[in-house]
Structures are given as C-alpha cells and as structure tokens.
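Please treat every number below as a calculation from the coordinates, not as lab data. Just so we're clear, the structure is a prediction, and the values are computed from it rather than from any experiment. Virtual Cβ from ideal backbone geometry, glycine too; neighbours counted across all protein chains shown.
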Amino acid sequence: MVDAHVERFGVENLRGFKKVWLDTAQRARFLVGPNNAGKTSLLRILDWTMNDADAALLSGARGLTDTEARLLLPATETAGRARRITMLVRISDLRVARGFKAKAGLVELRLKVSQRQVSAHLGPPRRGESSSSDPKAIDLLELMRKSEQWLYVPNVRDTRGGAFRDQLRSVVLERLKSSMLPATTGRPAERVRHVRNALDSLRQRAEEELADVVQEFSEESRHLFERAELRLDFEHDDALGWLADAVALRLTTGSHDERMVPVEEVGSGLQSLLVIGLLKGVANAGTRVRLLLEEPETFLHPSAQRELARSLLDNDDLWFIASTHSAAMIDEATVSDVVIVRDHRLYSAPLAEGVDDRQSAFMSGRGAEALFARSVLLVEGAGDVAAFEEIRRRLASHPELRPACSQMAVIAVGGKTAFTPWIRLLRSFVDQERRLALRWLICADGDAGTQVIKCLNQAGVEVPEPVRSAKADVDTTYAERDQGEHAAAVKGLNGEASRAGVSMHLLPFDLEFALTSTMSSDRATEVASVIGLSCESGEQLAHRLGSKCRAEQSRGASKADFTRREVARRCSWDDLHPEFQRAIQRWLDPVLGDRPIREHLNSALQ
C-alpha cells in the first residue's frame, strides 16, 4: 500500500493566521497558549482539510458553505494577499511520488481559498496559475485520506449524546468484523466458519417462519401475481451491526457502585478518558490514526490528566495534536512535543538550536507553568520565589494589573550558577521569524554578576562590554560592603543591561537588603515584630534576616522562606529598594508595555 503522510501543515491568511507552519512529522504535539490565541482554529482547519474539503468543493461543483466560510475566512481584510493551506506530503513509493511532481518523495499540496471557492494545486504558487483544481492534487488528497485517518474531538464530551455512542458502536463493529468475519482469502478458520454457518442458519430459519406470511397475502392478492416468496435481504455484516447497536457500557469505580452503573452516570472526567480510549481503537489495519484533541484534560483531576498524557505519549501507534491548558499534561511531555500558540503565531523549539529533550527535565512543576506565561522571572532560590510570588499576588489584586499578573511566572533555578539550561529552554521557543514566545529576566544577588554573565554566554547570549565593565564596580563595592556605593554600582550595571537589551538585573547585596533596607524605622520595627525579631531600622532588619550587607554575619539570622514571604506581604511599594522596584517593572514590561503603572503599583502595595 502506498502511504502519503503530511509532514508540515501551513496556514496563510486564513482565520486569524497570517502565515504559520506546524511540524506534523512528529507523533505527539501539545498546543499551549492562552484563550483566543488560535489553538482551536488550527485544529478545526486541520479537521476541515483532512475530512471535509471534498471533491465536489475542489472541482467547483459546490462552493463554501456559510459555516466553512466562517471557519476559514479572516475577520479582517487580507489586502489581496493569497489565502491558502499548504501541506508538505511524504509519499512512500517514489514511482508514485514522481506522478505527483514530488522531489525525493516530498510534494507540496496547496488548497487555494477565495471568497466562496477552493481549488487544489501541486507545487509552489505560480503567477497566472489556473483557478481550477489540478485533478492530480485532488487524487493526492484522497490518497492521504486512505493513509491517515484524522479524528477531531472537541472539548465538550458527553456520553449521553450521540458522539460517544457512535464511537462505541464503531469500535465494537470493527472489532467484531475483524475477529468474527475477517476478509481473508483461502479456507476460513473454524471460528469464522462457525459464525457464518450460524448466521446462515438464522436467516434460513427466519425465512421458514415467514413462509406463512407470504401464503396469507398471496391468498388475498393471488389475482395480481402468479407466485411470491419472501427472502431476507440480510448480510453477515448486518447481524454484527445489530450486535454493535445493542452494546451498553456499564462499569464500576469502587464499592459505592459495585453492582455497576451506566457510563452516563460516572463523572465527566472519566467519560473524557473513555472517549480517548475508544478513539485509540478506531484505526483500521494499515491506516495511521491522528487525533485532533481540543483540551482533552477538561473535567479531569490533575492525577488523571497525567494519566491521560502518559496514555497518549506511551502509545507508539497513536499520533495526536492536542490543545491544552494543563501544566500537568505538559509535565509529562518533552520540549520537542510542545508548540506555544500566541496571537495566532506558532513557537516551537527546533532541536538544532542547542536545546534537546534533556531540557525536558526543567519542564516540570513551575517550569511547565512558565510555558503558559508571557514573562518569566528567573531567580536563585526558593526564598526569592516566595517573595516575588507574594508581590505578584498583591499586584494582581489591583483590577488594572490583574490581567498582566496572570501572565507572569517566577522560577527558582537552584543557585547563581544554574541559569544556563533555563535560558536555553526559554529562548528555544521561536516562530518562523525567530521571534521569542517567552520574555524572561534573571534577577540575582549583587555577588552573582560574574556567574550570571557566564550563564548568559553559555546559553548563547552575548553580553556587551559596557555591562561587563560595570560589573567590576559591583564586585568591588560588594567586597567592601559599601552600601551606598554598591547600590549605585548595581544601578549602573542594571541601566547598561537594560539599554543593551540584556535580560539580567542584580539586586544590591541580596533579596533581604532590597526588600527592607529602605524601610522607615517604624515600618521595619512593625514588620520585625511580626516575624519574631527586633530592630531599629530597615538596614538592621535586613542584617537580622541574613543579608550580607555588613562585614560581620548576623547571629541567629532568620533565613526561612516563609519570613521572606511575610516581609513581602507587609511591605509597601515605597518600602522597596529602587532596584527591587525596577526588577518588578522589568518583569511587568512584557505584559504591560508602555502603559503608565506607577500609581497602580503604589495602590496595590500599600
């Protein structure tokens, strides 16, 4: 059998997409992104192309329906730019491939979309190209459909509706046909002969029982015909269809329903898993199944989401493209499985870009959550996370800042020398124009300049000389514990980094100093009493919290993460050191841009 599989799928000036490509040569794909970013649109266009763009449409016998036009045509004008769907198709038989103008087994198939018509063509676009379909292009589309079965599963699933019932019947019927009446040549197996004989006997018996019926209406109407007999128009497959129609799924989930209940009585999440399980069994022999899954985790508990992800990923015969909002699902995936969708653009991580699936170890927990964010703050440790996350939550309480704060994430990398793999991971997701999907910023202590610059270099980020030069003053003033000069040196370095577009930001001395050193005496005394300390100034509180702002170490310093969170919970915006404030603002920039926010920050952190 000749196979024809789609390796890349492109959409140009359709729906909200300008020009995007999705690599479909990979078995597993997770589409990650916010609502209205284009995930569902992409799945629906794939479904329409593979299942609904029929020969009648492509040959001009019919036009686009209103529903198809709403799916494909953008809401805005495209200024005369071509609207098309492009597929790069791999054909297994090179002799057959040459008939489709393929090069090395790869051929370009295009569907050109106008206001109401769609035509199919082979090869790159040509000036003056006919508006009528190339018959060979339609043939190739049909060959693809014989090689691959694309099944679209929307995110609203209900076993009481017809979709679940139809899928269950389809799976049961295919299984009965393949095992009880296989279409094989030669002498059938004993079991197959037994089934066929039993069905023939059933038909014969039924016809015998119905002989009286024939006799009765023959007597009444004998003047209209000479002879009548009744035969059942009955094929073996029909009987299996009756059996499939009679199937009712019942199950038990524990002692509370040990007598078994109908499937429509169990939770929606379990129903979702059952639907996916059914679809995995739909494939016909020799046909590749590709599932197009819209948010398959809907209604599932996080542990069940992980189970579903593993079920999909561990089945080597199952190909799928799934949109998801689940960090638990992404936890189970690898870097190369994930495509970030933002503003109808696709961002993926090419393995040739210095990132491979070893980076997938970082794509777990908060790392998975970061892929759903727009702005990611990379910090050294858990105490930094506790403080910055508390600040983010407080900012999110302000209605003007809430939408932005929901798109921000903070990740502890595990120390000042551990930023490199995270930088590589976050920089790897790019679109076809090399634009980044995720903006990120390193925020580290004042003694981490050398290590941060080294990590940037190792990750392929060039650090300009003005930033390197500024680091020398930061190091010197840190070693001397000169608080005023060190703060000024850090400000200078951060300014140079910001102007050069380098995503690094240092805090003077450390988090504790940046959180508390500029507090008033009254505020410092108040905050210290809450966490069980005593002090007379913000600088003294920083030292008591373990800051290295003084040459001598503080005895009994409180280094617990919860104390950092508690301090961040009680400080006002004006209490924070100016370089801490600038770190927050740089973290906010990718999600707020140039919008004036100073008054909102003051209002949120009172």
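A few notes on this one:
- For ARG342, residues with placed amide H under 5 Å, excluding near neighbours: TYR347
- Spacing of the two label points (7 Å from each Cα toward its C-beta) at SER520 and ASP233, in nm: 9.3
- The listed peptides 342-349, 460-467, ordered by packing as a protection proxy, come out as 342-349, 460-467 (highest mean of other Cβ atoms within 10 Å first).
- Residues LEU243 and ARG402, FRET efficiency given R0 of 51 Å [Cβ-Cβ distance, rounded to 0.05]: 0.35
- Difference of contour (0.36 nm per residue) and Cα-Cα distance, LEU210 to ASP314: 32.1 nm
- Karplus-derived HN-Hα couplings along region 443-460 (A = 6.51, B = -1.76, C = 1.60, θ = phi - 60°), whole Hz, x at Gly and Pro: 10, 9, 5, x, 9, 9, x, 4, 5, 5, 4, 4, 4, 4, 4, 5, 8, x
- Flagged links, alpha-carbon separation over 23 Å, of LYS19/LYS136; LYS471/LYS559; LYS18/LYS101; LYS146/LYS177; LYS18/LYS136: LYS19/LYS136; LYS471/LYS559; LYS18/LYS101; LYS18/LYS136
- When the charge dipole of region 516-574 is built from unit charges on Cβ atoms (+1 for Lys and Arg, -1 for Asp and Glu) and taken about the Cα centre, the candidate among ALA542, SER520, TRP573 whose Cα reaches farthest toward its positive end is ALA542.
- Each Lys and Arg adds +1 at its Cβ and each Asp and Glu adds -1 at its Cβ; summed about the Cα centre, region 516-574 shows a dipole of about 280 debye.
- Gained length - LYS146 relative to THR67, 0.36 nm times residue gap less alpha-carbon distance: 25.9 nm
- Estimated inter-spin distance, ARG481 and GLU190, nm [label 7 Å along Cα→Cβ]: 9.2
- Percentage, to the nearest whole number, of Cα pairs in region 483-597 over 24 Å apart: 29
- Phi to ³J(HN,Hα) by Karplus 6.51 cos²θ - 1.76 cosθ + 1.60 over region 528-544, Hz, x for Gly, Pro: 4, 5, 5, 9, x, 10, 10, 6, 10, 7, x, 5, 5, 5, 4, 5, 5
- Cα convex hull of region 516-574 - mean projected area over all directions, nm²: 3.7
- Summing charges over all other residues whose Cβ lies under 10 Å from the Cβ of ALA120, with Lys and Arg as +1 and Asp and Glu as -1, gives +1.
- Potential lengthening of the chain between ALA472 and ASN457 amounts to 3.7 nm, from the contour at 0.36 nm per residue minus the alpha-carbon distance.
- Each of the peptides 379-389, 429-439 was scored by the mean count of other Cβ atoms within 10 Å over its residues; in descending order, highest first, they stand as 379-389, 429-439.
- From largest to smallest, the equivalent ellipsoid semi-axes obtained for region 480-527 from the alpha-carbon gyration tensor read 25, 12, 8 Å.
- Averaged over residues, the count of other Cβ atoms within 10 Å places the peptides 13-22, 236-245 in the sequence 13-22, 236-245, highest first.
- Near the amide H of PHE30, within less than 5 Å, lie the amide hydrogens of ALA322, VAL338, VAL339, all on another chain or at least 5 residues away, with H placed in the peptide plane.
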